[in-house]
Amino acid sequence: MEAFGGDVKFEKVDCGLLALQGPSAAKVLAKLSDESVTKMAFMSAKPVTVMGVPCFVTRSGYTGEDGYELGIPLEETEKIAKALLDQPEVEIIGLGARDSLRLEAGLCLYGNDLDDTTTPSEGNLLWTIPKRRRAEGGFVGAERILGEIADKKLVKRKRVGFVGTGPPPRGGDKLFTPEGDEVGVVTSGVYGPSLKKPVGMAYVKKKFMKAGTKLQAEVRGKRRDVTITKMPFIEPGYYRGE
């Protein structure tokens, strides 16, 4: 509030949220609104009139694909959803498809890959804390977080990606060295349709975080080979602007 330097009013607004994701998202949304939406860069936001309805649109999503999220007055949400589904490029998808997409894009799911015990250093999320905030300090958790930045030895585990064989490991499955030492735990895992193999995220002891490290996941009582790999598994399709 100090940086803003003005008055703020909080208003509770009832609205619906639709996500339009994929390579054709800009083309489809432009047909129902105007061409200006095609020029929006990734993570930009603005009010947009869609089919005569005032909406708040961000060029963002939780799939790693280009796309938009639309905040819509609650009573108009169904109308716009039906209009989008009437477009030949658009199909409805469920939670399973979204989860495989977000995992292939290396996006965390709170409660699985992150929780209130995870630090940005452990989660490889230090990019979320700009230099100015690090210098100023004073934010929630600053003592621990800044301490881990200053002394990397304080960080004992790291979030990593992995690819596997056979049934995909699931959250909670343990990771072992080929010699049988427990070194980590899976937080998310699915079959990755784009890669045609199991993919997932895990936290492992720092010694085992390097890409190419061979480990084993215990899946339904059997040890399955996995390989630590860099994320994202699939390069995101975000539109960065011209």
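Based on DSSP H segments of at least four residues, each scored -39500 (n - 2.57), the chain has a per-residue ellipticity at 222 nm of -5000 deg cm²/dmol. For Val48, the residues 5 or more places off, or on other chains, whose built amide H falls under 5 Å of its own are Cys55, Phe56, Val57.
Three principal axis extents of the range 148-197 based on alpha-carbon atoms, in descending order, are 40, 27, 16 Å. Computed extension gain for Phe42 through Leu74, at 0.36 nm per residue and net of the alpha carbon distance, reaches 9.0 nm.
Can you classify the range 15-92 as rounded, prolate or oblate using the Cα gyration tensor, where a ≥ b ≥ c are the square roots of its eigenvalues, rounded means a/c under 1.5, and otherwise it's prolate if a/b beats b/c and oblate if not? Rounded shape, in that the Cα axes give a/c under 1.5. Peptides 52-63, 150-161 ranked from most to least packed, by the mean per-residue count of other Cβ atoms within 10 Å: 52-63, 150-161.
Report the GluC sites (Glu not before Pro) located in the range 146-217 that are in a DSSP loop and have at most 15 other Cβ atoms inside 10 Å of their Cβ, or state none. Those that pass, being in a loop and sparsely packed, are Glu179.
I need the semi-axes of the equivalent ellipsoid of the range 88-157: take the C-alpha gyration tensor, multiply each eigenvalue by 5, square-root it, list largest first in whole angstrom. Over the Cα atoms of the range 88-157, the semi-axes work out to 33, 14, 10 Å. Restricting the calculation to Cα atoms, every distinct pair contributes to the Kirkwood radius of the chain, found to be 20.4 Å.
Between rounded, prolate and oblate, where does the range 154-229 land on the alpha carbon gyration tensor, with a ≥ b ≥ c its root eigenvalues, rounded for a/c under 1.5, else prolate if a/b exceeds b/c? Prolate is the answer for the range 154-229, as a/c is 1.5 or above and a/b outweighs b/c. In loop segments of the range 86-192 as defined by DSSP, the chymotrypsin sites (Phe, Trp or Tyr not before Pro) with at most 15 further C-beta atoms inside 10 Å of their C-beta are Phe139. Over the range 15-92, what relative contact order in percent results from Cα pairs under 8 Å that are six or more residues apart? Result for the range 15-92 is 37 percent. Note on Lys82: lysines with a C-alpha under 30 Å away, same-chain residues under 8 apart excluded, are Lys12, Lys27, Lys31, Lys39, Lys46.
The GluC sites (Glu not before Pro) found in the range 20-112 that occupy coil by DSSP, while having at most 12 further C-beta atoms within 10 Å, are Glu91.
No value in this document is a laboratory result; all are computed from the given coordinates. Because the structure is a prediction, the values reported are computed rather than measured. FYI the Cβ positions are ideal-geometry reconstructions off the backbone, even for glycines, and counts take in every protein chain you see.
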